[in-house]
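The values are calculated or read from the model by the stated rules, or taken from the named source; none is laboratory data. Worth saying up front: this structure is predicted, and the values here are computed from it rather than measured. Cβ placement follows ideal geometry from the backbone for every residue including glycine, while neighbour counts extend to all protein chains displayed. Only protein heavy atoms, including side chains, enter the accessible area calculation; ligands, DNA and RNA are left aside. Shrake-Rupley method; radii C 1.70, N 1.55, O 1.52, S 1.80 Å.
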Amino acid sequence: ALDVITADSGSDQLSLMLERLLVSYRATVKSLEAALDARDQSAPGHCRRVAKLAGQLAAEMGFGGNDLMVLEHGALLHDIGKLGIPDTILMKPGKLTEEEWEVMRQHPEMGCQIVGHIDFLQDALAIIRHHHEHYDGSGYPDGLVGQDIPILARIFAVVDSFDAQTNQRPYNVVYSAETALQNILTDRGRIFDPQ
């Protein structure tokens, strides 16, 4: 009987430790998300909105479990690399010059450098790095084509575009949800996965 009590106590202790670890992971992601929100005032709440919408879309497509958690982490932190973009570029109210775009295009790689050493975020790096890849290969940073773009990054790209089109930013025109969806459909096979 003593062995059973000891085993149960050890199991309870392990469960408690795992729960604390999970709380710590969530706090880490929330802290990084808050740092990004504080830094990039051009899109308040963007990361939280796209995380929720991406999870809904992926669940509707049949994804579940770990994929949804990875997608949430990647969505919340997809623009974390913008912490390394100079204010003059990140906060610029007008169009960026080609030189400024070159700097801005570095944010996916910077994001991977910022969170790449965090073990529990390893799977989310594919979303952070590849959320600006285009289905036809014209995206960045790696110019991946079609199915070479990780599926969760392809799903996320649709949601990211939808949110960017339907929420005010210093440099965009706000579209209705219907127009944003039509724009996405128009870009199937070029920017977005046709499926």
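When ligands, DNA and RNA are left out and all protein chains stay put, how many square angstrom of accessible area per residue does the stretch 29-69 have with a 1.4 Å probe? Show your work: numbers first, answer last.
Working: 2190 Å² over 41 residues.
Ligands and nucleic acids excluded, the figure is 53 Å² per residue.
For F192, what residues show an amide H to amide H distance below 5 Å, using hydrogens built from the backbone and excluding near sequence neighbours?
Hits under the 5 Å cutoff: Y135.
For the chain, max minus min Cα coordinate along each principal axis, in Å, sorted largest first?
Cα extents, longest axis first: 72, 37, 30 Å.
Ratio of Rg to Rh for the stretch 59-138, alpha carbon only, Kirkwood? Numbers along the way, then the final one.
Numbers: Rg = 14.4 Å, Rh = 13.8 Å.
With Rh from the inverse mean 1/r over Cα pairs, Rg/Rh is 1.04.
Can you list the lysines whose alpha carbon sits under 22 Å from that of K52, skipping same-chain ones fewer than 8 residues off?
The reachable lysines, counting only those whose Cα sits under 22 Å from K52, are K30, K82.
7 Å from Cα along Cα→Cβ at both Q182 and M69: what's the point-to-point distance in nm?
Rounded to a tenth, the inter-label distance reads 4.2 nm.
For the chain, which whole-number percentage of the solvent-accessible area (1.4 Å probe, protein heavy atoms only) is attributable to carbon and sulfur atoms? List each step's numbers first, then the result.
On the way: 6160 of 10750 Å².
Carbon and sulfur: 57 percent of the exposed surface of the chain.
Can you give the extra length, in nm with one decimal, that the chain gains between V145 and Q122 once fully stretched, where that is 0.36 nm per residue apart less the Cα-Cα distance? Let's see the in-between values first.
Values: separation 23, 0.36 × 23 = 8.28 nm, distance 2.20 nm.
The V145-Q122 span can extend by a further 6.1 nm.
Multiply the residue separation of A35 and D12 by 0.36 nm, subtract the distance between their alpha-carbon atoms, and state the gained length in nm to one decimal. Mind dumping the intermediate values first?
Values: separation 23, 0.36 × 23 = 8.28 nm, distance 3.45 nm.
Contour length minus Cα-Cα distance gives 4.8 nm.
Tell me, what is a quarter of the convex hull surface for the C-alpha atoms of the stretch 21-92, in nm² with one decimal? Mind showing how you got there, number by number?
Numbers: hull surface 20.6 nm².
Mean shadow area of the hull around the Cα atoms is 5.1 nm².
If you add up the charges near L71, with Lys and Arg at +1 and Asp and Glu at -1, over every other residue whose beta carbon is less than 13 angstrom from its beta carbon, what do you get?
Details: positive: K52, R154; negative: E60, D67, E72, D123, D160.
Around L71, the charge tally is -3.
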